[in-house]
Amino acid sequence: MAAKATSSIQVLARVNRLLDTIAAHDEPISLKTLSSATGLHPSTAFRILASLIEHGFVERSESGYYRLGVKLLQLGNRVHGRLDMRREARPLMERLRDQTGETVNLCIREGDDVVYVERAVAPRLMRVEQVIGGRAPLHVTAAGKLFLAESGTAACREYAIRTGLLPRTAQSISDPEALCQALEAIRIAGYALDEQEAETGVSCIGAPVYDASNRLVAGLSLSAPAERYQALWIPWILHAAAAISSRLGYCGALNPISPPPAALNRAHSAYPANG
């Protein structure tokens, strides 16, 4: 196993050398030049480049010269977009934190998880704090449920089969039908709840963030100890999420605050009827 891991690391190092060398040249570069600049045998460089071409990271011209592929541009644009989103969201997250005295998180979806990409931490000794880069399953978090609700019922069932809906706490939704019902309620209400489903003693509210292409790109979540949870925060987080969406170029209509369906209101009973 150790030898295999070492071999994988060596391949990654060689990939990095090849990509760095191609990126350092304004014009497409030959295999001979790449081999000389990286110290790789031509056959080794050719084999790695062939795999990179297959996955879109490198392109090869008809004359046999190499340049960076469009896949890197796509990934770069995604990273740039996330950086822009964090910059635009930060002041609004801090304002919401100051309004509530609780921690505010910004999450994105990666596969079957949400990933925390930004946070505004509450100035309290007793607080909820997520690590930037931390992950959690979609179905146990308020932000994650927003993404599942957006993807539709069929995708929800596929997610349930794929993940098994493993519970994090006794409150986690582990039944596919119950999850689908909860997601339908979220689509109607326009926000999501995590009622001690990811962590015992912690409640969260999630609101959707959209970009200029009307795509759900993030979930804004407010996390607090369950005993400090307040329903009046719901319009505040919806307003903050709408403001971030506007900064990202979103021009669509966002759902007004409406009475939460019974499937959404599982543990708390006092939610705002309107406004």
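Please treat every number below as a calculation from the coordinates, not as lab data. These figures come from a predicted structure and were not determined experimentally. Reconstructed Cβ throughout: ideal geometry from the backbone, glycine too, with neighbour counts over all protein chains shown.
A few remarks follow.
- Sparsely packed trypsin sites (Lys or Arg not before Pro) within segment 154-229, loop by DSSP, other Cβ within 10 Å at most 12: R215
- Relative contact order (%) - segment 2-68, alpha-carbon pairs under 8 angstrom, separation at least six: 33 percent
- Cα gyration tensor shape for segment 2-68, rounded if a/c is under 1.5, else prolate or oblate: prolate
- Based on Cα contacts under 8 Å between residues 6+ apart, segment 75-247 shows a relative contact order of 22 percent.
- Computed about the Cα centre, the dipole magnitude for segment 2-68 is approximately 340 debye when only Lys and Arg (+1) and Asp and Glu (-1) carry charge, each at its Cβ.
- Cα-centre dipole for segment 75-247 with unit charges at Cβ (Lys and Arg positive, Asp and Glu negative), debye to 20: 520 debye
- Amide H contacts under 5 Å for Y229, placed H, 5+ residues apart: none
- A straight line joining the Cα centroids of segment 233-253 and segment 177-228 runs 14 Å.
- Farthest toward positive dipole pole in segment 75-247 [+1 Lys/Arg, -1 Asp/Glu at C-beta], among F147, I188, H239: H239
- Ordering G64, H25, L12 by the projection of their Cα atoms onto the charge dipole of segment 2-68, which places +1 on the Cβ of Lys and Arg and -1 on the Cβ of Asp and Glu, puts L12 at the extreme positive end.
- FRET efficiency estimate (nearest 0.05) - Cβ-Cβ, R95 to R228, R0 25 angstrom: 0.85
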